[in-house]
Each structure stands twice: as structure tokens, then as C-alpha cells.
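Report on one structure; see the data block that follows.
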Amino acid sequence: MPTDITSVPVQVAPKSRLVILFILAVFFISGACGLLYEVVWMKMLTIVFGGTALAISTTLAAFMSGLALGSFYFGRLIDRHHHPLRIYAFLELGTGLFAFLMPLLLSLLDKFYVFTYQNITTDYLWLSVVRLVLSLLILLIPATLMGGTLPVITRFLVKRFGELGSRVGQLYFINTMGAVVGTFATGFFLIVWLGVHEAAYLAGGLNILIAIAVLVLDRHAASAESPKVAPVYQPAGSNSNAEKITQSYYSPGIARLSLWAFAISGFCSLAYEVLWTRALVYILDNTAQAFTTMLVAFLLGIALGSLAITRFVDRTRNLLVLFGLAEVLIALFALISIPVFVNLGASIGGPPGSIFYAEYSLWQWVSIRFGRSLLVMLLPTLLMGMTFPIASKLYTRSAAGMGTAIGNIYSANTIGGVLGSFVAGFALIPWIGVYHSVMLIAAINTAIGLILLLAESAIKLGSRFKTAVVSVVCFITTLAVMLSSGPIVFASPIEQQYPYQILYYKEGVGSTVKVYQDIFADKTISIDGFPVAGTIQRHEDAQRSLGNLPLLLSQVSRPRVNLVGFGAGGASWAATLYNPSSVDCVELVPAVVQAARFFPEVNHGVMDNPAFDLIIGDGRNYLLVTDKKYDVITVDATSPKSAGSGNLYTREFYQSCKSRLDDNGLVVQWLPFHLLSEDEIKMTARTFMSIFPHTSLWFTFQRSYYILVGTQSELNLDFRLLQDKMADENIKAELAPLDIIDSYDVLSCFIMGEKELADYSSGARLNTDDHPYLEYSQTMSYFYTVDVARQNLSSIARLRQSVLPYLANLGATTSEADEVKSMLQARFNATPVGHFWPDYVN
């Protein structure tokens, strides 16, 4: 039976309301800094280790493991220490110092990782182990320091055992609200305004200021404290070796049960986060801001839940019942979150497909994203937030052991979260899919809830069984209704523009890949709802252009080719037509390779070609670590606005390309003028030219996109060599569907040379790893594709020039050369931009 001990005080040094408010404000800022670190450090490490799902997950696991370790260790330490403020100050100071050391540590990490790949092992599993070990080495100390703050600050603020639950709830609310603000500010403002490193330095500076302020407060409190006043949490009249006062609330067995239940609850919570993120991307979009919005909504629900429970947790006798009901309700709301709330969320802002044409302002669209995310996650996350204060109250056995108890609870929940994210992402989603994974996790929540309900001895056994039976019936009924609706296949608004038939659907590790055929018999591969390749005209144009144009322009007889991105395999197939000595293609998403088998008319089975090497991994990371040299590098990335894809448009990535390029090599970069504003086009061009000053701008063969072509020296094209290539029957057959018949058609795609492009992009900002403007800038160009394309094409049409100054070997005689010049001019005049885009260019 629980005992009411709320009236049993533990004498402490008095604390003014002002001091408490100061500590709460400090803890709010600390929470904001913590999430800022998580965002920017994860981004920094992704650049080193790559953007594969396993690389990202191992890095996150290392960070969260540090949080768990810090909570566990410092929780025990603070119970033996009489100066919690001093310990807290040193935790903040250490975290802040690490923020300034991190760039140096990352540069050393970068060198060691490259050395390991080039000299020790290229095995995927062993490299994964290396990534985990290196992530632990670099993140363990700062994450451990951050993890220690909660038990330490709890030890300082909680005055008596009877207010433990409410105080923990308040602290968790304050800290998590800080995390909400930190996440939002980082994703929407700080990275763009300051930069990745500078944002971390700002947080580091705040941590150091917090440490100084808290040390001043501690010194003032120590000097003002009477020697006769007992230390915090020390019973009056006792010494440090005195017997602890135990405040029994529940039996030790119940305390252990609550610890395990909270650990499993953490497992479920992080699993839900992974699953909801995979579902929500279909009704939001796949930009960095969309993922920021999802995380903000998740954290906000948890924060509000922890605040809501503070009014009841210390006055409720039947905490096990409250804990159990919360778990059961989490399960029920999670069950209906996908089929019900996702569909309702999609209706916010208009019918399916409307988001790509509706006249939304930036912040209207941000609000729509946030509303959709909240609708899916608010109710279950509110309940999740309630469980921490409840579990803390149940598990803590004594005032003297409060730090240890809070440390144990928090670390157990965090470790459970690490396991939950891994299991959901790497086992459940590939095995049974997002929807059925939610059902399985909900069943685990229900099982936890039933155990907790049945363990409450303060309620009669019959009442416990009735409550448990009602919970089971509600769960089974909800589950049956959800299953009766059949399997759920996620679809984005852009996929639903026309009726379609699904040919392939795979919810795999990291991404969901789909192949669908529309009413026009065109097939498309989409990744997380975003079309990336297929048989529609613009996709064929991109694939064939990225595979053929660089090989047509290359002056190397048997080129070594590297392609970043496989898609439907069209570019890879095209590269094999030019008698290359090797063709290496790096694809991030494994399921894309299986999906590509539905496109034999595009890739001609290139995956089975022994001369073709398909590497599953991160394309940028591969170019960083490999020691191979290439004559042609083709970058066929998805939209630079997609979360993570912006890494393939930065100055540092282009530097990696240059380091892997032979003296006579060239690099081509796909550039979607319908997804980027003119300022962003200029930014990308100037960034590319900062590494490849000899850059020219081209259209794809049917003018659907731009292509940047960077060479090691000034562009100088052998016209006769180009003609010889175009005389090949296989190449003719490859290009004929795009109306590319001869060399003049190829050369008519030229837009401008290096001087004109430099003038065009002059004054634009550089897109770098530290300042990833393309990925994080607040723009709606991603959605207003028609308006953006019209603006870009109208500007570029006035600047287009002939390729003639960059040609050599026009003919054996003057008359032959003159004839070539005449033909070039005629084809140039016959192919103005407005010819291909009459509704866009006047």
C-alpha cells in the first residue's frame, strides 16, 4: 500500500523564488543548446560518415548513449556531493568547451576515417563498427556531460520528496520546451544566418555563460549559508555519514517494474518517432524544414504532457494505474494516428495535390506542416510526456538517493529509445512496414499498461481485472477496425496528380521506394513520395543527358566513369556505350536497385553487366574516402532542397570531386531550374565555379534541366571526335528518342561559357558545408515550379550564346571549317529557348 509522505519534509537551505526562476531559465537555455548540438553535430558527422541510414543511426546512437551514461553516472555522483550547482556549472562549462573543440576533432576524425577506408578495410560491416567507435569517441564526453544535467539540477531544486513528481515534470517541461525552441531556431534560422559551426559556437558561448552565472550563484549561496544549516537533502542534525531517511512509496519490486516499464516505454516512443516521420513525409515534404517541423511537434507534445501531469502526480495515490492507463492510451492513439490522423492532416491546406499550386506564403506553409504533424502526434506525445514524472515518482525510494533514481530512470528510457529507433528503422519497417510496425509497437505499449494496471495493489483485484479487460477490448477492437481497412500504401500529393497502378512498393531502411504506372503508361520511381526517375519525358531527358553528354564532351579515349545516383539506371547504361575502362555508380538507397528492374527499357539490364560496378553507399562519402581517379564524374542527385541532398551541392563536395578527377577529366552537375530560384541557381553556379573555374552551362537535350560542366582547363572540344562518337549506331539509337540526331544538336544545348557564367553568378553567396543555404534557406521555390521555371528561363534566354569559340578541329580545310560554322549558327538560330518553352519565354 502506498503511504502519503507529502508532509514529510527534508530540510534544505532556503531558496528564493528568484533563484528558482533563474535556474529554470538556465535549464531552458540548456535544453535549447542540447538540441542545437544534436542537429549540427549530426550534420557534421554525416558529412564525414555519409548519409546512409546506418551511418546516421550509429551516430545518433552514440549521442544518446552518452546522454544515458551521463545521467547514470552523475545521478550517483550528485547524491554524494553537497554542491549540485557547482557540478551543474562544470557540466555546462565542459559542454561549451567541446562545442569549440568539435571542428578540430572532426577534422582529425575525417583523416582517420579516410585512412581506415584506404588502408585497412572497405567492408561495409567493419566500417559500420568503425563509425560507431569513432562517433562514441567524439560524442561520448559532451553527450555525457549533457546527460548529467537533469539529475543534478533535480537534486538542487527538489526540496522535499513530496514534490518530486511535480518538480521533475516542471524541469522536464522547461528543458524540453528549450529543445523545441532550439530545434526550431536551428532548422529555420541559425544555420542560415550564422552557419553550422557558428551555431554550435553560439550554443557553446551560452553554455559557458551559464556555467559562469551558476558558479557565481553557487559562491554567493555558499557564503550566505549558515554552517548550522543542513546541506541540500541532508537531514537536519545529521552528518554526511548519517543514516539515510527512506520515504517508502511503493515496494522495491514495484520500483524495479516502473524502471523497466519506462525503459520499454522509451523504446516505443522513439520507435513511434521513426515510424511517424516515415509517414508524415508524404503529407508534408522532404525538405530540412519539414523534418524540423516534425521534431518540433513531437517535442512540444512531450513537453506539454510533462507540464499537464505536474498538477496531479504528487497528489495521486494510484500512480501505477495512471502509468498503465497512459501506456494503453498511447497505444490506442498510435493505432489511429496513421490511417485517421494522416488522412485528416493531408486535408489541411487543401485537397491532395493542391500544395504544389496553392498560393501559400512561406509561414502559411510552415503552419500547415506544423498542424499536420501535431494532428498525428499530439495526443500520444502528450501521454508520453506524462510518463516521466510518474515513473520518477514511482522509482525514487529516498530523498538521499534522488539523484541516482532520476539518473537511472532517464538513462533507462534513453537506452530504450536507442534500441527502439534501431529496431523500428532496421528491422520492423523492412520486415512488416510502417503501418504494421505501429500496430506491433502499440501492442507492446498495451502489454506494459496491462502489467502496470494489474500490479497496483491499492485497488481490488476484481477492479484491476475489469480495467485490464476493458483496455484489452478497446485495443483489440481498434486493431480489428484498422486491419479491416486493408494495407496502407503511402502516397504524396505529387504522386496522386493522376490515377496510377503500383508495380513495386518497398518500405526499406531509410526510405520508401515505389514504382507506379500512370494512366499514360509512364512509369516512375519515387523515393519517399518524390519522383526521381522513370519513363516520362523529363526523366528520360535527365537520365540520357547525364549519361551521354559528359561522355560526348570528354576527350579521353577510354574514360573511367563515376556516377552519383542510379535512379532507373539510364545514365549508367548510357555510360557503358562509350567504351569506358570502368563505370562505378554509387546509390544511397538499396531498394532503388530492385525498383530499377522494372525499367529494362531504360537501363537495358546494366546491373548485370560485369563491366559495371554498383556500390551501395553515400556518393559524397565514397568520393571522400576512395583513392580511385576518374575521367568523368556525373552527379545525378535529387533536389538540392531535399533533406541531406544539399550535401551534394556544396563547395567541399565539389572539392572532393576535383581531388578524384584526372587531369583531363570533367564533372557534370544536374541543376533543376524548376526547383530553384534564380538566386539559388546563381549560388550553385558560383559555388561550382569556385572549384572549377572553367565551367560552362548547358541544357539537357530536351531543355528540361540545366547541367553544369566543369573541366580542369578551359573548355576545348574536338569537333571531329564528337562527330565520330555520334556516328556510332548504338549512341545514335540512344539519343534518337530525344531528337538528338547529330553533333549540331548536341552543341545547341550549350548556354554560356566560363566568362559569361562568372558574370551571371557574380555576387552570389557560396553554398558550403558550414553555410548550406540551398538546403536550409526559407524559400517556396520548391513548390511554385511553374513560376520559378519561367523566371529562370526568361533570364537565361537573353544570355544564351554559341559554343563556337570553344570548338577545335572543325575541318581539314578552311571550307570545311566554314561549313561547320555555318551549320552551327543555323542550328543555334533554330533552337532558341522559347522554341522549347513557348509559354515561358516570350
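Within the stretch 46-62, the set of residues being at pLDDT 85 or above and crowded, with 22+ Cβ neighbours inside 10 Å comprises just one member, 62. In the stretch 590-605, the residues that are over 15 Å from residue 734 (Cβ atoms) and in the same structural domain as residue 577 (by the TED database) reach residues that are buried (at least 23 other Cβ atoms within 10 Å of the Cβ) and of a type in the set (Phe, Trp, Tyr) with C-beta atoms within less than 8 angstrom, at least six apart or across chains, in these pairs: 592/566; 593/566; 596/566.
Scanning the stretch 377-403 for residues that are over 15 Å from residue 300 (Cβ atoms) and either open to solvent by 10 Å² or more (accessible area, probe 1.4 Å) or not in a helix (DSSP H, G or I) (or both) turns up 395, 396, 397, 398, 399, 400, 401.
Of everything in the stretch 506-540, what is open to solvent by less than 60 Å² (accessible area, probe 1.4 Å) and among the aromatic types (Phe, Trp, Tyr)? Give them in sequence order. Passing the criteria: 516, 530. Scanning the stretch 516-541 for residues that are over 28 Å from the mean Cα position of the chain (by Cα) and either under 13 Å from residue 637 (Cα atoms) or hydrophobic (A, V, I, L, M, F, W, C) (or both) turns up 519, 520, 521, 536. Evaluating residue 100 against the criteria (1) open to solvent by less than 70 Å² (accessible area, probe 1.4 Å); (2) modelled with pLDDT of 90 or more; (3) within 27 Å of the chain's Cα centre (by Cα) leaves one unmet condition, (1).
A single member of 302, 338 is modelled with pLDDT of 95 or more, crowded, with 19+ Cβ neighbours inside 10 Å and either of a type outside the set (Ser, Thr, Tyr) or under 19 Å from residue 373 (Cβ atoms) (or both), and it is 302. Of all residues in the stretch 594-623, those being of a type in the set (Gly, Ala, Ser) and touching a helix residue (DSSP H, G or I) at 6+ places or on another chain (Cβ under 8 Å) number 4. Taken together, the residues in the stretch 785-842 that are of a type in the set (S, T, N, Q), under 26 Å from residue 755 (Cβ atoms) and not in a helix (DSSP H, G or I) amount to 4. Within the stretch 455-471, residues that are assigned to a helix (DSSP H, G or I) sit with their Cβ atoms under 7 Å from residues that are open to solvent by 40 Å² or more (accessible area, probe 1.4 Å), at 6+ positions apart or across chains, in these pairs: 455/257; 464/454; 468/454. Being in contact with a His (Cβ under 9 Å, 6 or more places away or on another chain) and open to solvent by less than 10 Å² (accessible area, probe 1.4 Å) narrows it down to one of 650, 634, 626, so name that one. Matching residue, one of 650, 634, 626: 650.
Table: residues versus (1) farther than 24 Å from residue 671 by Cα; (2) surrounded by 14 or more Cβ atoms within 10 Å (Cβ to Cβ); (3) outside the structural domain of residue 738 (by the TED database).
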{"site": "788", "(1), (2), (3)": "no, yes, no"}
{"site": "796", "(1), (2), (3)": "no, yes, no"}
{"site": "804", "(1), (2), (3)": "no, yes, no"}
{"site": "810", "(1), (2), (3)": "yes, yes, no"}
{"site": "813", "(1), (2), (3)": "yes, no, no"}
{"site": "816", "(1), (2), (3)": "yes, no, no"}
{"site": "825", "(1), (2), (3)": "yes, no, no"}
{"site": "842", "(1), (2), (3)": "no, no, yes"}
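Determine which member of the set 546, 588, 563, 551 is touching a Cys at 6+ places or on another chain (Cβ under 7 Å), surrounded by 23 or more Cβ atoms within 10 Å (Cβ to Cβ) and within 16 Å of residue 636 (Cα to Cα). 563 is the lone residue from the list that is touching a Cys at 6+ places or on another chain (Cβ under 7 Å), surrounded by 23 or more Cβ atoms within 10 Å (Cβ to Cβ) and within 16 Å of residue 636 (Cα to Cα).
Residues in the stretch 484-498 that are open to solvent by 70 Å² or more (accessible area, probe 1.4 Å) and touching a residue at least 24 places away in the same chain (Cβ under 8 Å) were compared, and the one that is farthest from residue 334 (Cα to Cα) is 497.
As a summary of the residue check, residue 153 satisfies the conditions (1) in contact (Cβ under 8 Å) with a residue 40 or more places away in the chain; (2) in contact with a helix residue (DSSP H, G or I) (Cβ under 8 Å, 6 or more places away or on another chain); (3) open to solvent by 30 Å² or more (accessible area, probe 1.4 Å) except for the one numbered (3). The residues of the stretch 565-612 that are more than 31 Å from the chain's Cα centre (by Cα), among the aliphatic types (A, V, I, L, M) and farther than 19 Å from residue 545 by Cβ amount to a single one, 611. Give the residues of the stretch 698-724 that are within 14 Å of residue 809 (Cβ to Cβ) and open to solvent by 30 Å² or more (accessible area, probe 1.4 Å), sorted by residue number. Answer for the stretch 698-724, where residues must be within 14 Å of residue 809 (Cβ to Cβ) and open to solvent by 30 Å² or more (accessible area, probe 1.4 Å): 716, 718, 720, 721, 723, 724.
Residues that are at pLDDT below 90 and either outside any strand (DSSP E or B) or closer than 23 Å to residue 436 by Cα (or both) within the stretch 493-510 comprise 493, 494, 495, 496, 497, 498, 499, 508, 509, 510, listed in sequence order.
The values are calculated or read from the model by the stated rules, or taken from the named source; none is laboratory data. Please read all numbers here as calculations on a predicted model, not as lab measurements. Note that we place each Cβ from the backbone using ideal geometry, even for glycine, and neighbour counts take in every protein chain shown. The protein model used for the area step is the full one, side chains on, heavy atoms only, and it has no ligands, DNA or RNA in it. Shrake-Rupley method; radii C 1.70, N 1.55, O 1.52, S 1.80 Å.
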